[in-house]
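Step one of this worksheet: look at the structure below.
The values are calculated or read from the model by the stated rules, or taken from the named source; none is laboratory data. Here the structure is a predicted model, which is why all the values come from computation and not from measurement. As a convention, Cβ positions derive from the backbone with ideal geometry for all residues, glycine included, and neighbour counts pool all protein chains shown. All accessible areas refer to the heavy atoms of the entire protein, side chains included, with ligands and DNA or RNA removed. Shrake-Rupley method; radii C 1.70, N 1.55, O 1.52, S 1.80 Å.
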Amino acid sequence: MTARKPLSQTAPTPFRLECEIIETARLLLRKPVQDDAGDYARLANNYAVASMLGSMPHPYFTADAREFIAKVEEGHASGCNYAITRADTGEVMGACGLHEDLSRFELPFIGYWLGEPWWGGGYATEAARAMIDLFFKATNRDMLMISCRIDNLRSRRVIEKCGGKYWKDGEQFNKALGEMHHVSHFKVARADWLAAIRSN
């Protein structure tokens, strides 16, 4: 087993937040469990979903979902991960999370995806805002990153509704496409988040 190299004194310590359940007006975000694997596979095994994400393979099988959920349950998945469910019915709609990977990005970031049946209802914005609230309430960090494929206008609107301000473009490997794709990175600052809260 290779020893992990120590982070520099100035590098932030990767975070792992302990918040089991987050409730919003219409959603309940909770830790995924193995019973969710079938729903994850049914919703994620969609090229329209996977092609807009970097790390999701296509096709996506129940075994892939089980492996991912096992990593979350065992504490091996990065950051904190949630199943997005409807608060009134408990239906699984997708997934979201807060992550930090200093080998890839200089800022912590949020990720999210929804199954296609749930597109267009404002659920992605609601889940993303919950992740941003959690990040700024539970950490002392001042900046968070959200990214989307450069041509994903739907996700770009979500980011802008959450206070994201364009930062820069980049590239990342897309498993579904099997090639690099262009992404836009946005920053959400603590000061802007506080201002948004005070204006509501």
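Charges only on Cβ, +1 for Lys and Arg, -1 for Asp and Glu: so what's the dipole of the chain about the Cα centre, in debye to the nearest 20? List each step's numbers first, then the result.
Working: 25 positive and 25 negative charges, 118 e Å.
With only Lys, Arg, Asp and Glu charged at Cβ, the dipole is about 560 debye.
When the accessible area of the stretch 42-122 is computed with all protein chains present and a 1.4 Å probe, what percentage of it is carbon and sulfur?
Numbers: 1900 of 3700 Å².
Within the stretch 42-122, the accessible surface is 51 percent carbon and sulfur.
Mind checking the per residue accessible area of the chain for me, 1.4 Å probe, whole number of Å²?
On the way: 10980 Å² over 200 residues.
Heavy-atom accessible area per residue stands at 55 Å².
Under 18 Å Cα-Cα from residue 137, which aspartates and glutamates qualify once same-chain neighbours fewer than 8 residues away are excluded?
Hits, sequence-local ones excluded: 18, 20, 23, 100, 126, 192.
Which value in nm describes the separation of the simple spin-label points at residue 51 and residue 101, placed 7 Å from the Cα toward the beta carbon?
About 2.2 nm separates the two model spin labels.
Residues of the stretch 48-82 with the amide nitrogen closer than 15 Å to a label point 7 Å from the Cα of residue 20, along Cα-to-Cβ, please.
Of the residues in the stretch 48-82, 73 have backbone N under 15 Å from the label point off residue 20.
Show that you can apply the helix-only estimate: for the chain, add -39,500 (n - 2.57) for every DSSP H stretch of four or more residues, divide by all residues, and state [θ] at 222 nm to the nearest 500. Don't skip to the end; give the middle numbers.
Details: 6 runs with 59 residues, N = 200.
Helix-only estimate at 222 nm: -8500 deg cm²/dmol.
At 7 Å along Cα-to-Cβ for each site, give me the label-to-label distance between residue 151 and residue 192 in nm.
2.6
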